[in-house]
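Okay, structure first, notes after.
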Amino acid sequence: MIENKKASDLEYHLGFWLRFVSNHVSFSFRDRIAKYDITVAEWVVLRSLFNRTRCTLSTLSKHIGIDLGATSRLIERLLKKKLVTRKISTADRRFVELELSPAGRKLIPKLAHEADINDEIFFNPLSREDKNHLLRIMKTLVKLHNLTEKPTE
């Protein structure tokens, strides 16, 4: 019976350590970008739009790996903040394209700098070899488990 078996400690599990580090890295980044009134989820959307000309909501949703409804809500918040613009096709009003506004485009390098600093704080104590090894392992797990949803929260 299961109730007679010893329960493994939290610290025994790799998932515990991954989540422990991930939370600290994420929360630190969240706090770093809060001064720009941007959430981590909004950062993911903004950064995803940065290297694109225009794209549809469904294309963006697929790219960031979250459902259409959640992507739509994020876009609405970014529209209110005037960081994204929506262009409606004159030929077909159902066809809407999204792109960064000039303010959104100007903000991305600042947020990327915060992301770079956050990574330096957490990962620079590791040797280049260890960082590359860790990155390789993470990418291997992503590929093996066919993980597509980008971390947004």
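Annotations
- Residue tally, condition surrounded by fewer than 16 Cβ atoms within 10 Å (Cβ to Cβ) and either at pLDDT 95 or above or of a type in the set (Ser, Thr, Tyr) (or both), over the range 51-71: 4
- Of all the listed residues (Glu114, Glu120), the sole one being in contact (Cβ under 8 Å) with a residue 60 or more places away in the chain and either within 18 Å of Ser26 (Cα to Cα) or among the basic types (Lys, Arg) (or both) is Glu114.
- Scanning the range 119-153 for residues that are surrounded by 10 or more Cβ atoms within 10 Å (Cβ to Cβ), of a type in the set (A, V, I, L, M, F, W, C) and in a helix (DSSP H, G or I) yields Ile121, Phe122, Phe123, Leu134, Leu135, Ile137, Met138, Leu141, Val142.
- Where His24 falls short, out of the listed (1) under 13 Å from the mean Cα position of the chain (by Cα); (2) closer than 30 Å to Pro125 by Cα; (3) not small (Gly, Ala, Ser): (1)
- Test for Leu83: is it aliphatic (A, V, I, L, M) and modelled with pLDDT of 95 or more: yes
The values are calculated or read from the model by the stated rules, or taken from the named source; none is laboratory data. Note that the coordinates shown come from a computational prediction; the quantities given were computed from them, not determined experimentally. We place every Cβ from the backbone using ideal geometry, glycine too, and count neighbours over all the protein chains shown.
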